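In what follows, a single structure is set out as structure tokens and then discussed.
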Protein chains: 2
Amino acid sequence: MRRVYLDNSATTPIAPEVLEAMMPYLTDKFGNASSIHFFGQQAKAAVDKARHQVSSLINAKPNEIVFTSGGTESNNLAIRGLVQANEKYGKHIITCQIEHPSVKEVCIDLERKGYKVTYLPVYEDGIVRIEDLKSAIREETVLISIMTANNEIGTLQPVEEIGNFVTELRKTGKKIWFHTDAVQAVGKVAIDVEQIKCDLLSISAHKLYAPKGIGALYVRSGVRLQRQNIGGRQERERRGGTENVAGIVAFGKACEIAQIDLDSQASYLKNLRDRFEHEVAEKIENIVFNGNREKRLPHISNISFRYVEGEGLLINLDMQGIAVSTGSACSSGSLEPSPVIRALGRDDELARSAIRFSFGKFNTEADVDYLLEVLPKAVRQMREFSPILERSRL
Amino acid sequence: MRRVYLDNSATTPIAPEVLEAMMPYLTDKFGNASSIHFFGQQAKAAVDKARHQVSSLINAKPNEIVFTSGGTESNNLAIRGLVQANEKYGKHIITCQIEHPSVKEVCIDLERKGYKVTYLPVYEDGIVRIEDLKSAIREETVLISIMTANNEIGTLQPVEEIGNFVTELRKTGKKIWFHTDAVQAVGKVAIDVEQIKCDLLSISAHKLYAPKGIGALYVRSGVRLQRQNIGGRQERERRGGTENVAGIVAFGKACEIAQIDLDSQASYLKNLRDRFEHEVAEKIENIVFNGNREKRLPHISNISFRYVEGEGLLINLDMQGIAVSTGSACSSGSLEPSPVIRALGRDDELARSAIRFSFGKFNTEADVDYLLEVLPKAVRQMREFSPILERSRL
């Protein structure tokens, strides 16, 4: 069967050049980067090189990069690490309603521990308003955590405005820091920590054509974090544990490629996605695009198919070789409709009928052709047997 | 130059069969194990298989395995997770003086947060006494964390006696749990969680001929842990974050091989190690073996070379292609003499002259020959220029 993978926001295939770069570290160059001898120094040099590659992609300094086991750990370290190290300045956090579970759940957990959290609304377009953020600031606010781009609908948040605002606030003497989860955005749009003026920024390698199990947290020089994974002296004592050398090397290579290809990739993905959206709107009626269609990542399309149950459509498409998702892979197994789509003000029915199509660099025009051939039939088929449609006719 | 790697306790090369098993998950089978579609289910099936392989090696049930990013995370999750979830029963922990930094540093951190910690002595042989443990128990003791085997000297702790003691204590109604860091022991000696009667047991893949960046925590059914890496619903909500599928598959395969080869490997390593120790004692005078020489892992030899500075000897050997270590790789960069060797009652000078030789399945008799050729000359050379020896003659 023809297989078309359109779930690149869940994870991406490893690029051949990335695999090639990591192979020596899965074979001959197997040293522990903390060892003093030849094998260790060989590994350490590779980790150092990767640290340069990762930092360069986001315009940071190499020693501002802390390697972690992935985006979830980066978000946990950023939020818990920052508030614990700065407890004396206050216990209020501002975030938004459509953050990834690894931000949202950490905030909910902190609420149980006496922190106050404000979850900013995102309105129908899926975007936070700077005015809402400004009025949410309190004496005790120590952290703002707003994602660079959403993982389900791709909307870009006004992170530069937030960074400017935080910078101004600090000039008044306020102790406040800004974290942004850029897991979906890095490598898809230009990310510059000096432009965003963030203090902490999370990245994941496996969204970038590198393997799973590796990520990074950018920590601006001088920002104090409480360690979470405590042990050895790795990562300048900010994250214990033997370095995942092969994963780090792969991550570095993927960042190097992403930096070179950024513009061409962005327009390639946007073309595929826009053609799909244009034609799907002509072929299928009663569909609703979710999220602002301008201010968003180039590779994500999120559509609600009225009268259709999203998970059923996903399975129907899967049986024809097309892989998509109903929401974040990290939330799969949940019986609730996507909280991201709900936050746009959609009702449960529309939220349950949402499908995310996420394109990647290995997708082709032929993939879009196949999708456009299969999808309209699948939707028609499902609507024919739809109990929701039946009910709506009564 | 001939290269002889004798630092297998720091990390091991990946076995060819392990690499072969993981390759499909670095190429075609790249799905996110949480995705519902074909690619996701393919990854999920692989993770499930590995969970069986890992659990089988330690005689656990598959759903008692939580995959983590490595031994350090496993130890952090075990200790912090257990005490946080069971705070109401007390805030006292018992551990020992020679635990790995990822146990010891977590305990020190908990002391700052109001916990009390007893660090049991290990005496000259590097072994905890069960009587000391018994008299350290308090009303508020909730956790005993004693490693199965030490990473620098290889001594085996009386974990079965501890498990029996904890089981007896529980019969009196006491709420108390037992964690053991088995990172160095798993795959080297038989580990059976039913025999040890532990509640939590830490494993790391890269000590077992699998890649870095992956590990597991065994959590006995019914034991409550507070999550540390919070996010998605992965690992039955005990550890968030996209599964490191390729790493998990490799880890599973390595455990399968370790289980099959356990006895033959143990005797192979013991033969290499014992021949080395026998001959080195004949060739070099003024050496001291560290730790009990019977109750220990088969692959580790730790020797203090009187009048020699350990790090100097390490570098001398490295220049001749032999890789060894002075202590745990996780502590390298520390200027202090090894706290493990110090805990045996050795003075600073003897602690600073300690070298760990750790053998692995890819070492050969020829490697031992080369070591026995190079080491005596290196020690002689260093002693000739030793300021310590000069001082001791005065």
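The values are calculated or read from the model by the stated rules, or taken from the named source; none is laboratory data. The structure displayed is predicted, hence computed values, not measured ones. All Cβ positions, glycine included, derive from the backbone under ideal geometry; neighbour counts span all protein chains shown. Side chains included, ligands, DNA and RNA excluded: accessible areas come from the protein's heavy atoms. Shrake-Rupley method; radii C 1.70, N 1.55, O 1.52, S 1.80 Å.
For segment A:243-260, the set of residues classified as open to solvent by less than 50 Å² (accessible area, probe 1.4 Å), touching a helix residue (DSSP H, G or I) at 6+ places or on another chain (Cβ under 6 Å) and either assigned to a loop (DSSP other than H, G, I, E, B) or within 14 Å of another protein chain (Cβ to nearest Cβ) (or both) consists of A:Glu243, A:Val245, A:Ala246, A:Ile248, A:Val249, A:Ala250, A:Phe251, A:Ala254, listed by residue number. As for segment A:68-89, it holds at least one residue that is within 22 Å of the chain's Cα centre (by Cα) and assigned to a loop (DSSP other than H, G, I, E, B).
Here is a check on your reading of the model: is A:Ala50 buried (at least 24 other Cβ atoms within 10 Å of the Cβ) and either outside any loop (DSSP other than H, G, I, E, B) or facing another protein chain (nearest Cβ under 7 Å) (or both)? It is true that A:Ala50 is buried (at least 24 other Cβ atoms within 10 Å of the Cβ) and either outside any loop (DSSP other than H, G, I, E, B) or facing another protein chain (nearest Cβ under 7 Å) (or both).
Condition first: more than 10 Å from chain A (Cβ to nearest Cβ) and touching a Pro at 6+ places or on another chain (Cβ under 9 Å). Now tell me which residues in segment B:97-116 satisfy that. Listed by number, the residues that qualify are B:Gln97, B:Ile98. Filtered by the rule that a residue be open to solvent by 40 Å² or more (accessible area, probe 1.4 Å) and not hydroxyl-bearing (Ser, Thr, Tyr), segment A:4-40 gives A:Pro16, A:Glu17, A:Glu20, A:Met23, A:Pro24, A:Asp28, A:Lys29, A:Ile36, A:Phe38.
Would you mention how many residues in segment B:61-78 are aliphatic (A, V, I, L, M) and open to solvent by 20 Å² or more (accessible area, probe 1.4 Å)?
Filtering segment B:61-78 down to residues aliphatic (A, V, I, L, M) leaves B:65-66, B:77-78.
Narrowing the set further to residues that are open to solvent by 20 Å² or more (accessible area, probe 1.4 Å) leaves none.
Residues flagged as aliphatic (A, V, I, L, M) and open to solvent by 20 Å² or more (accessible area, probe 1.4 Å) within segment B:61-78 amount to 0.
All conditions but one from (1) within 14 Å of chain A (Cβ to nearest Cβ); (2) touching a Phe, Trp or Tyr at 6+ places or on another chain (Cβ under 8 Å); (3) at pLDDT 95 or above apply to B:Gln184; the one that does not is (2).
For residues in segment A:193-207 being outside any strand (DSSP E or B), in contact with a helix residue (DSSP H, G or I) (Cβ under 9 Å, 6 or more places away or on another chain) and within 20 Å of A:Lys61 (Cα to Cα), which is nearest to the other protein chains (Cβ to nearest Cβ)? Walk me through it before giving the result.
Initial filter on segment A:193-207 (outside any strand (DSSP E or B)): A:193-199, A:205-207.
With in contact with a helix residue (DSSP H, G or I) (Cβ under 9 Å, 6 or more places away or on another chain) added as a condition, the list becomes A:193, A:195-199, A:205-207.
Then drop every residue that is not within 20 Å of A:Lys61 (Cα to Cα), which leaves A:193, A:195-199, A:205.
Values: A:Val193: 23, A:Gln195: 27, A:Ile196: 23, A:Lys197: 26, A:Cys198: 20, A:Asp199: 21, A:Ala205: 10 Å.
In this case the residue turns out to be A:Ala205.
Output the residue which, of all residues in segment B:98-137 that are open to solvent by 60 Å² or more (accessible area, probe 1.4 Å) and among the hydroxyl-bearing types (Ser, Thr, Tyr), is nearest to B:Asn86 (Cα to Cα). Result: B:Tyr119. Are any of the residues in segment A:337-358 surrounded by fewer than 20 Cβ atoms within 10 Å (Cβ to Cβ) and within 14 Å of chain B (Cβ to nearest Cβ)? Yes, because at least one residue in segment A:337-358 is surrounded by fewer than 20 Cβ atoms within 10 Å (Cβ to Cβ) and within 14 Å of chain B (Cβ to nearest Cβ).
Would you say B:Ser264 is modelled with pLDDT of 95 or more, open to solvent by 40 Å² or more (accessible area, probe 1.4 Å) and hydroxyl-bearing (Ser, Thr, Tyr)?
Numbers: modelled with pLDDT of 95 or more: yes; open to solvent by 40 Å² or more (accessible area, probe 1.4 Å): yes; hydroxyl-bearing (Ser, Thr, Tyr): yes.
When the stated conditions are applied, B:Ser264 passes them.
The condition of being without any contact (Cβ under 8 Å) to a residue 24 or more places away in the chain and closer than 27 Å to A:Ala343 by Cβ holds for only one of A:Glu99, A:Glu105, A:Glu73, that being A:Glu105. Just one of the listed residues (B:Leu200, B:Leu156) is crowded, with 24+ Cβ neighbours inside 10 Å and at pLDDT 95 or above, and it is B:Leu200.
Before we move on, is B:Leu143 in a helix (DSSP H, G or I) and in contact (Cβ under 8 Å) with a residue 12 or more places away in the chain? Walk me through it before giving the result.
Values: in a helix (DSSP H, G or I): no; in contact (Cβ under 8 Å) with a residue 12 or more places away in the chain: yes.
No: the conditions fail for B:Leu143.
Taking the numbered list (1) out of contact with any Leu (no Cβ under 8 Å at 6 or more places or on another chain); (2) under 24 Å from B:Val189 (Cα atoms) in turn, B:Ile127 passes all entries but (1).
Consider A:Asn229 against the criteria (1) surrounded by 23 or more Cβ atoms within 10 Å (Cβ to Cβ); (2) assigned to a helix (DSSP H, G or I): it satisfies all of them except one. Which criterion is unmet? Tallying (1) surrounded by 23 or more Cβ atoms within 10 Å (Cβ to Cβ); (2) assigned to a helix (DSSP H, G or I), A:Asn229 fails exactly one: (2).
Evaluation of A:Glu237 against the conditions (1) within 13 Å of chain B (Cβ to nearest Cβ); (2) touching a residue at least 60 places away in the same chain (Cβ under 8 Å); (3) surrounded by fewer than 21 Cβ atoms within 10 Å (Cβ to Cβ) shows that the sole unmet condition is (2). Figure legend. Inter-residue proximity from segment B:274-292: first residues open to solvent by less than 40 Å² (accessible area, probe 1.4 Å), second residues of a type in the set (Asp, Glu), beta-carbon distance below 6 Å, spacing 6+ or different chains. Indicated pairs: B:Asn292/B:Asp125.
Annotation for segment B:178-187: no member residue is under 20 Å from B:Glu64 (Cβ atoms), open to solvent by 40 Å² or more (accessible area, probe 1.4 Å), assigned by TED's automatic domain parsing to the domain that holds B:Thr27 and not aromatic (Phe, Trp, Tyr).
For A:Ile93, the criteria (1) assigned to a helix (DSSP H, G or I); (2) surrounded by 24 or more Cβ atoms within 10 Å (Cβ to Cβ); (3) touching a Cys at 6+ places or on another chain (Cβ under 7 Å) hold in every case but one, which is (1).
Can you work out which of the residues in segment A:212-226 that are out of contact with any Phe, Trp or Tyr (no Cβ under 8 Å at 6 or more places or on another chain) and crowded, with 19+ Cβ neighbours inside 10 Å is nearest to B:Ser202 (Cα to Cα)? I'd like the intermediate steps shown before the answer.
So the first thing to find is which residues in segment A:212-226 are out of contact with any Phe, Trp or Tyr (no Cβ under 8 Å at 6 or more places or on another chain), and the list is A:212-213, A:217-222, A:224-226.
Those left that are additionally crowded, with 19+ Cβ neighbours inside 10 Å: A:212-213, A:217-219, A:225.
Working: A:Lys212: 21, A:Gly213: 18, A:Leu217: 25, A:Tyr218: 29, A:Val219: 29, A:Leu225: 26 Å.
Top of the filtered list is A:Gly213.
Residues that are at the interface with chain A (Cβ under 7 Å from one of its Cβ atoms), touching a residue at least 12 places away in the same chain (Cβ under 8 Å) and among the β-branched types (Val, Ile, Thr) within segment B:2-45 comprise B:Thr11, B:Ile14, listed in sequence order. Hey, can you tell me all the residues within segment B:359-375 that are surrounded by fewer than 20 Cβ atoms within 10 Å (Cβ to Cβ) and either within 15 Å of B:Ser301 (Cβ to Cβ) or among the aromatic types (Phe, Trp, Tyr) (or both)? Matches in segment B:359-375: B:Phe362, B:Tyr370, B:Leu372. Residue check: is B:Arg356 part of a strand (DSSP E or B) and out of contact with any helix residue (DSSP H, G or I) (no Cβ under 7 Å at 6 or more places or on another chain)? It is true that B:Arg356 is part of a strand (DSSP E or B) and out of contact with any helix residue (DSSP H, G or I) (no Cβ under 7 Å at 6 or more places or on another chain).
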